[in-house]
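The values are calculated or read from the model by the stated rules, or taken from the named source; none is laboratory data. In this text the structure is predicted, and so the values were computed from the model without any measurement. Neighbour counts are summed over all protein chains in view; Cβ atoms, including those assigned to glycine, are modelled from backbone coordinates with ideal geometry. Heavy atoms of the whole protein, side chains included, go into the accessibility calculation; ligands, DNA and RNA do not. Shrake-Rupley method; radii C 1.70, N 1.55, O 1.52, S 1.80 Å.
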Amino acid sequence: MNTQEFIRIMDSGAEVQAFSEVHQYMTYLSNEAMKITAELNNAYHTPEEIITLLEQLTGREIPEGVYMFPPFYTDCGKNIRLGKGVFINAGCQFQDQGGITIGEGTLVGPKTVIATLNHHQNPKKRANLLPKPVVIGKNVWIGANVTILPGVTIGDGAIIAAGAVVTKDVAANTIVGGVPAKWIKTIDTDDTP
């Protein structure tokens with residue numbers, strides 16, 4: 001198995017059997033991610049060095065204007081896709097095996113958790129994993145201490161209030177908050193004063 005094959009399987013949403021070849025490769029990628037994030041998180045790095053480490057972590061070229069305040073945690077890294085100008089604040093945890101896409105201009109608040117894996121509900125299959133992607137649109141603002149659960153899509157321009165737990169899709173240009181997150185209001189996008 002290689003990383004591209006692993007990502008293809010995870011992006012398909014297929015159930016991952018515990019201790020299967022896919023599961024073992026996931027463990028391999030986790031160990032690689034721990035090594036890179038240990039380097040990222042345990043010494044000062046210039047913005048340019050942070051981008052280099054992110055490219056090693058994701059296996060992708062990082063677009064212009066991406067910026068991060070470490071520490072940053074992930075148990076994979078290879079299924080993260082970032083748009084131009086994304087900002088990731090300190091203490092975020094991305095569980096990206098199922099795929100995390102963050103659109104350009106999005107701001108991710110400190111200590112945000114994005115999860116893309118669930119365990120099977122059947123106790124006999126509890127160690128099996130169920131991947132579902134998280135897709136975050138352009139110019140989204142995610143407040144501090146937000147948790148985004150597997151399978152959620154957040155529309156362009158949305159705001160996720162601090163401390164929210166997002167369990168279902170969020171429409172574009174809306175504000176949601178709470179546990180679980182609920183609609184608060186629609187954002188006025190009229191540019192006239």
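Among A18, I36, P71, whose Cα projects farthest towards the positive end of the dipole of the chain, with charges put on the beta-carbon of Lys, Arg (+1) and Asp, Glu (-1)?
About the Cα centre, the residue reaching furthest to the positive side is A18.
Leaving out ligands, DNA and RNA, and with a 1.4 Å probe, what % of the accessible surface on segment 29-109 is carbon or sulfur?
On the way: 1860 of 3450 Å².
Carbon and sulfur together cover 54 percent of it.
Hey, if we sort I148, I7 by accessible area with the 1.4 Å probe, largest down, what's the order? Let's see the in-between values first.
Numbers: I148 0, I7 20 Å².
Ranked list, largest accessible area first: I7, I148.
Please work out the Cα center distance from segment 1-47 to segment 122-193, rounded to the nearest Å.
Measuring centre to centre over Cα atoms gives 24 Å.
Roughly how much of E5 is accessible, in Å² to the nearest 10, using a 1.4 Å probe?
70
Using +1 on the beta carbon of Lys and Arg, -1 on that of Asp and Glu, and nothing else charged, what's the dipole of the chain about the Cα centre, debye to 20?
Numbers: 15 positive and 19 negative charges, 168 e Å.
Result for the chain is approximately 800 debye, rounded to the nearest 20.
Solvent-accessible area of K111, probe 1.4 Å, all protein chains present, reported in Å² to the nearest ten, please.
Approximately 130 Å² of K111 is accessible to the 1.4 Å probe.
For segment 97-191: lysine pairs with Cα atoms under 22 Å, gap of 8 or more or different chains, count?
12
At 1.4 Å probe size, with no ligands or nucleic acids counted, give the accessible surface of S12 in Å², nearest ten.
Probe radius 1.4 Å; accessible area of S12 about 80 Å².
On average, how much accessible surface per residue is there in segment 1-134, in Å², for a 1.4 Å probe, leaving out ligands, DNA and RNA?
Working: 6710 Å² over 134 residues.
Accessible surface, normalised per residue, equals 50 Å².
Going 7 Å from the Cα of E5 toward and past its Cβ, which residues in segment 23-43 have a backbone nitrogen under 16 Å from where you end up?
Of the residues in segment 23-43, 23-29 have backbone N under 16 Å from the label point off E5.
So how much slack lies between A162 and H23, counting 0.36 nm per residue of separation and subtracting their Cα-Cα distance, in nm?
Gain in length upon complete extension: 46.7 nm.
For segment 65-193, I need the span (max minus min coordinate) of the C-alpha atoms along each principal axis, in Å, sorted largest to smallest.
Here the spans come out as 59, 30, 19 Å, largest first.
Cβ neighbours within 10 Å, averaged per peptide: list 84-92, 59-67 in order, most packed at the top. Can you show the working numbers first?
Numbers: 84-92: 18.7, 59-67: 14.4.
Packing order, densest peptide first, comes out as 84-92, 59-67.
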